[in-house]
Amino acid sequence: MRRLGFTASGIKYEGPQDGGMVGIEEIRRDFPVLRDWVYLDNAFVGLMPRQVREGYDRWADEWFNFEVGNRTILDGWLEKAGLVRGMIASFIGASPREIAYTMCTGSGLNIVINGTDWREGDNVVFPEWEHNPLETHTTRQNGVESRVWRPRDGRFEVSDLEKLVDDRTRLVQVSQVSYVNGFRADLAEVADVAHVHGAKLLVDATQAVGAIKVDYKRDGADYVSVAPYKYLMGPAGLAFLYVDSESIEELTPDRTGWKNQIWEGAHAEAPTPEDTAEKFEYGTINFQGVYALEESLKYLNRLGMDYVEKRVLDDTGYLFKRLDELGREIWTPEGNESPVVSFAQEGAVKLAERLKKGKIKVTGREAHGGHMRVSAHFYNTRGDVDKLIEAIS
Ligand SMILES: Cc1ncc(COP(=O)(O)O)c(C=O)c1O
């Protein structure tokens, strides 16, 4: 028996994650929604544990009660943002100066796209099923060609990517985990293909961080954009962008404000140093989100990402097996270790509505001929999966 010995909800967790479920029941008590619901829709929005809510409360209390003294409340908020920046960095295998706070995944992606020095005839490559594909007003206005990487049987093959990338490719985009079928990209392989041609790798990791172990330095990603309201369990309206140290200086900030360029009179004073990703932050940060994110990261660090990933993959591996036994057409490639599993379903939206009436929450999508998307987190159990399977059998 593996004993984890962390404290969630003030009670010592004793592990393990098999039959007994003593520990997992204690964890589940931190998530009130789980009292009534089989919640397998973390790829849509994750659940918030009470500790993250306490982070929000702490921020509100501090502001409500602050003493107007020498040190401004903004100083305190900025200090907290610096501390949490360090926590984010160590969570994803980066250094603090490689992290910029943003508002959402899309804002991070646009900072990269708008800050790239395009030349007519450049191209970008992105998967067919990307949530926020790389083709934007900026790429269109700059005469940048879009090349679409198509899947085969639910997989985006690196051998197909190799045929699309050439010396005019500036950015290759990929989601680490696909929001459609959970396909998990091998980032190191994709980075190699991009780098051979001098292109950069831009990753959307919103369906990955908090569910599976990540290390972007190891993988060689150049840019990674993440929103925390799914597997990081909050907040919404605050996100972050990782910019590899070697790419920070060549990426131009696409917007300016007091935070990255202070103007007094006719001259810009005290601009943020060129060699830190903080230069992409131009105004007031979503500080309450920072307080919440501190608690999410603390919670996950207490559990340990080994444990979290193991639980997530146990649930989705088990789901895959049960769907296979039912003879369902599974859209997620076999052996794909990811928090998301999808399967073909006629009338998917209606089925999701029916399941909801029975207090089972998953996503039904009509796209691509109709499919159900099921997504697990560490607080889910095989029992949740059994209830879902029973309801769709
Ligand atoms: C892969 C992926 N990226 C990003 C988002 C959300 O984008 P944003 O944070 O810009 O709202 C989602 C939401 O479902 C997603 O699945």
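Each reported figure results from applying straightforward, stated rules to the coordinates on display, with no laboratory input. Predicted, not measured: the structure shown is a model, and the values here were computed from it. With ideal geometry, Cβ positions are generated from the backbone for all residues, glycine too; neighbour counts draw on all protein chains shown.
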Quiz item: With +1 on each Lys and Arg Cβ and -1 on each Asp and Glu Cβ, how big is the dipole of the range 70-299 about its Cα centre, in debye rounded to the nearest 20?
Solution: 700
Quiz prompt | In sequence order, calculated HN-Hα J values of the range 132-142 (Karplus, 6.51, -1.76, 1.60; Hz; x Gly/Pro) | solution = 10, x, 5, 7, 9, 4, 5, 5, 5, 5, 9
Quiz prompt | Residue pairs, from the table Lys230/Lys357; Lys310/Lys357; Lys298/Lys387; Lys321/Lys359; Lys80/Lys217, whose Cα atoms sit over 26 Å apart | solution = Lys310/Lys357; Lys298/Lys387
Quiz item: Once you sort the root eigenvalues of the Cα gyration tensor of the chain as a ≥ b ≥ c, which label holds: rounded (a/c under 1.5), prolate (a/b larger than b/c) or oblate (the other case)?
Solution: oblate
Quiz item: From the square roots a ≥ b ≥ c of the eigenvalues of the alpha-carbon gyration tensor of the range 70-299, which class results: rounded (a/c under 1.5), prolate (a/b over b/c), or oblate?
Solution: oblate
Exercise. Using the charge dipole of the range 311-393 (Lys, Arg: +1 at Cβ; Asp, Glu: -1 at Cβ; taken about the Cα centre), state which of Gly317, His371, Ile330 has its Cα farthest towards the positive end.
Key: His371
Quiz item: Whose amide H sits under 5 Å from the amide H of Arg147, counting only residues 5 or more places off or on another chain, with H placed in the peptide plane?
Solution: Val124, Val125, Phe126
Quiz item: What are the ³J(HN,Hα) values, in whole Hz, obtained from phi via the Karplus relation 6.51 cos²θ - 1.76 cosθ + 1.60 with θ = phi - 60°, for each residue of the range 246-260 in sequence order, with x given for Gly and Pro?
Solution: 6, 9, 4, 5, 7, 8, 8, x, 8, 8, 10, x, 4, 7, 10
Exercise. Work through the residues other than Arg119 whose Cβ is under 13 Å from its Cβ and net out their charges, Lys, Arg +1 and Asp, Glu -1.
Key: -3
Self-check item: Relative contact order computed over the chain (Cα-Cα under 8 Å; 6+ residues apart), in percent
Solution: 21
Quiz item: What is the magnitude of the charge dipole of the chain about its Cα centre, with +1 placed on the Cβ of each Lys and Arg, -1 on the Cβ of each Asp and Glu, and no other charges, expressed in debye to the nearest 20?
Solution: 1500
Quiz prompt | Rounded to 5, the percent of DSSP beta bridges in the range 70-299 classed as antiparallel | solution = 45
Quiz item: Listed highest first by mean packing, meaning other Cβ atoms within 10 Å per residue, what order do 171-180, 231-240, 83-92 come in?
Solution: 171-180, 231-240, 83-92
Self-check item: Average Cα contact separation per residue, the range 142-285, under 8 Å, 6 or more apart, as relative contact order %
Solution: 15
Quiz prompt | Nearest-0.05 FRET efficiency for Glu325 and Glu353, computed from C-beta distance (R0 25 Å) | solution = 0.50
Practice problem: Starting at the first residue of the range 84-98, write each ³J(HN,Hα) from the Karplus equation 6.51 cos²θ - 1.76 cosθ + 1.60 with θ = phi - 60°, in whole Hz, x for Gly and Pro. | Solution: 6, 4, x, 5, 4, 4, 6, 5, 10, x, 10, 10, x, 6, 9
Self-check item: Distant-in-sequence amide H partners of Gln261 (H built 1.01 Å from N, under 5 Å)
Solution: Thr272
Exercise. Kindly work out what percent of the DSSP beta bridges joining two residues of the chain are antiparallel, to the nearest 5.
Key: 55
Practice problem: Round to a whole angstrom and tell me the spacing of the C-alpha centers of the range 180-202 and the range 308-363. | Solution: 26
Quiz item: Is the range 261-393 best put as rounded, prolate or oblate by its Cα gyration tensor, with a ≥ b ≥ c the root eigenvalues, rounded for a/c under 1.5, and otherwise prolate when a/b is larger than b/c, oblate when not?
Solution: prolate
Quiz item: Counting other C-beta atoms within 10 Å, which of Arg155, Arg71 has the fewest, and how do the rest follow?
Solution: Arg71, Arg155
Exercise. Determine the calculated [θ] at 222 nm for the chain from helices alone, applying -39500 (n - 2.57) to every DSSP H run no shorter than 4 residues and normalising by the residue count; nearest 500 deg cm²/dmol.
Key: -11000 deg cm²/dmol
Quiz item: Where Lys and Arg each count +1 and Asp and Glu each count -1, what net charge lies around Ile99 among other residues with Cβ under 13 Å from its Cβ?
Solution: 0
